[in-house]
Every structure is written in structure tokens, then in C-alpha cells.
1. In segment 259-279, is there at least one residue being among the small types (Gly, Ala, Ser) and farther than 23 Å from Ile117 by Cβ?
2. Is segment 72-89 home to any residue that is assigned to a strand (DSSP E or B) and open to solvent by less than 60 Å² (accessible area, probe 1.4 Å)?
3. Take segment 142-165 and flag every residue that is out of contact with any helix residue (DSSP H, G or I) (no Cβ under 9 Å at 6 or more places or on another chain) and either surrounded by fewer than 17 Cβ atoms within 10 Å (Cβ to Cβ) or more than 14 Å from Tyr212 (Cβ to Cβ) (or both).
4. With respect to the numbered conditions (1) at pLDDT below 95; (2) touching a strand residue (DSSP E or B) at 6+ places or on another chain (Cβ under 7 Å); (3) open to solvent by 10 Å² or more (accessible area, probe 1.4 Å), which one is the sole condition not fulfilled by Ile181?
5. Output the residues belonging to segment 240-258 that are buried (at least 24 other Cβ atoms within 10 Å of the Cβ) and over 16 Å from Val112 (Cβ atoms).
6. State whether one or more residues within segment 221-237 are surrounded by 17 or more Cβ atoms within 10 Å (Cβ to Cβ) and assigned to a strand (DSSP E or B).
7. Select, from Ala168, Ala175, the only residue that is surrounded by fewer than 21 Cβ atoms within 10 Å (Cβ to Cβ), touching a helix residue (DSSP H, G or I) at 6+ places or on another chain (Cβ under 9 Å) and assigned to a helix (DSSP H, G or I).
Amino acid sequence: MGAAIAALTALAACDMGLESSSTPRSRPAGLAEPAVRPTSEESAALRSYLVQVQSAQLSQGLLREDGGGPDTPFTADMLARNFEEIVFFNEYANALRGRGGASPLRRWQGTVRVSTIFGASVPKSQQAKDSNDVKNYARRLARATEHPITTFGTPNFIVVFASEDDRADALREAARRLPGITEQSLAPLRKLDQDTYCVVAAYASGRDANTYTAAVAVIRTENPALLRLSCIHEELAQGLGLANDSRTARPSIFNDDDEFALLTDHDELLLKMLYDPRLQPGMSASEAAPLTRIIARELISTDPL
């Protein structure tokens, strides 16, 4: 459904210009709100296609919202195995192309500050809903990881909601807002395949190539409601360090079968493991394996599922 890129080369810092501000004047009586940008044929066709995709998946019992249940049991050993496959491998080699290989553990060390950017075609009512969904989910991620994740302050994790018509402009704005991120570094996010509903790229611009310092997620606004929400759940979690998908992970959104639309109980445990202080950025799968087995057993014993 979604896609993740781990961009780990040091990025050149860019100067940020200061924005001027002024007190807005009252809108004259009877003046209508400015209209959103007209939709292109390409965007309209994509919207129609994605509505059909969601409908077909729902008719097949996919895109579940229940978080898993009695029909999806898993053991501590299964949880540890899924953690290894999702954390220690990349979904793509680079620029959304080629299967990724083995990877060290990567995650954030500092506070994750999430913000949103909307394309010009997104109505204000939809912006309000998407913003609220991001804020609520950020709070859930903070609880699951016990890591500082907020929607206040200068952003370092931007979620772009944009259509085919305005994604390029929104990405330029994202590059402008994120120190150390350039338009060129976001180039892989500009052109997406039809079946890529959303994508995230996480970057490390500090001294440690395994510690994320910035991220940009792109969510197509042509997505219907549930696909759109599922993109928020998957891309924000992947941007925290759960970078790969696994065909055996269940119940999980990190599985390309799209059985689950929203973060599951299993996935929350993966996030707890990822941000457990006994694990550190840069660890290999073999170095972490003895610890991940212990942590998984501790979590399953306290949260029987």
C-alpha cells in the first residue's frame, strides 16, 4: 500500500528565509471563500480508480479496523521474527526502486515534531479532518513508543496531503520548512506509481547515519476516506523506523496483503520494541536478536494476545 525510503546520506543544510506577517483584514460582507484549484483529468481518474480499489478490498474482507483478534494469534517468537524482518531490512534500495537489503536499526533519538502541509486542491473541511487524524495518531504513537512525539514546535516530520495537481508545490514547501532538506532530496516523492497510495522518506543529516533527524510523508488526496486514514497510520509508523514490510507479519499493517488498514495491537508492540532503551541505533539484526527475544517475551507476558 505505502512505501518507505531510508535516505541516510548527510544532507547539505539550506538557509531558511524569514516570513513576513501582518494582521489580516476582515473579509468584506458577501465575499465568498476562495475556490480550491480545479481538478485535472489525471487526478480525477486516479480518484475514481482508488475508490474502486477501496471498494474491492472491503468486499474481500480486507482493510480491517479491529486491530486483530482471536483469529490472528501470535507468539513472542513470531513477534521477534516479525520485528527482525520489518526493522532490519529496507523496503526499497533507493528512490522507490529495487528491493532493499539488510539494514541496521534506525530510529529517532530526539523529539519528533509532526506537522502537515496541504495542497491547494484540498478543501478546508478535509484539511481539518486530516489534521485532527494526524494529531490523534501522533498521541497514540507517543504512548506506544514512550518516545516524545508531538504536533507542536518547529516540525521535523512533515505529512504532505496533496493530489497529482499540487504535490510538487507542496513538496517545495516541505523542503522550505525542514532545515537540511532540499528539493532535490525530495525528488523521489514527486512522481509516484498509480498503485503507490502514499510514501515516506526518513533522513539522517547528523553525525549518526542511523539516527533520523527529518522525515516527509506524502499521502495522495485522491485516496478515499479509509485508504487515506490507513496511509496516515502506515507512513507515520514507518517513518519512526519500521521501514519494511513482511509477508508473514499478522495482524499487521506492515504486510502488503492489506488485510489491516489501521495500526494493530501487534504493531504497537513492534513500536515498543523499536524504542526500547536496550536497543540502540546502528545495531545489526544479529547483535539485537538476543535482546529482541527477551523484550518480545516480556511484552507478550504482560499483554497476552
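1. Checked against the condition, which is being among the small types (Gly, Ala, Ser) and farther than 23 Å from Ile117 by Cβ, segment 259-279 yields at least one hit.
2. no
3. Ala142, Phe152, Gly153
4. The one condition Ile181 does not meet is (3).
5. Result: Ala249, Ser252, Ile253, Phe254.
6. There is no residue in segment 221-237 that is surrounded by 17 or more Cβ atoms within 10 Å (Cβ to Cβ) and assigned to a strand (DSSP E or B).
7. Exactly one residue qualifies, and that residue is Ala175.
The values are calculated or read from the model by the stated rules, or taken from the named source; none is laboratory data. This is a predicted model, so every value here is computed, not measured. When we count neighbours, we look across all protein chains shown, and the Cβ atoms used for this are built from the backbone with ideal geometry, even at glycine. Quick note on the areas: whole protein, heavy atoms, side chains included, nothing else; ligands and nucleic acids left out. Shrake-Rupley method; radii C 1.70, N 1.55, O 1.52, S 1.80 Å.
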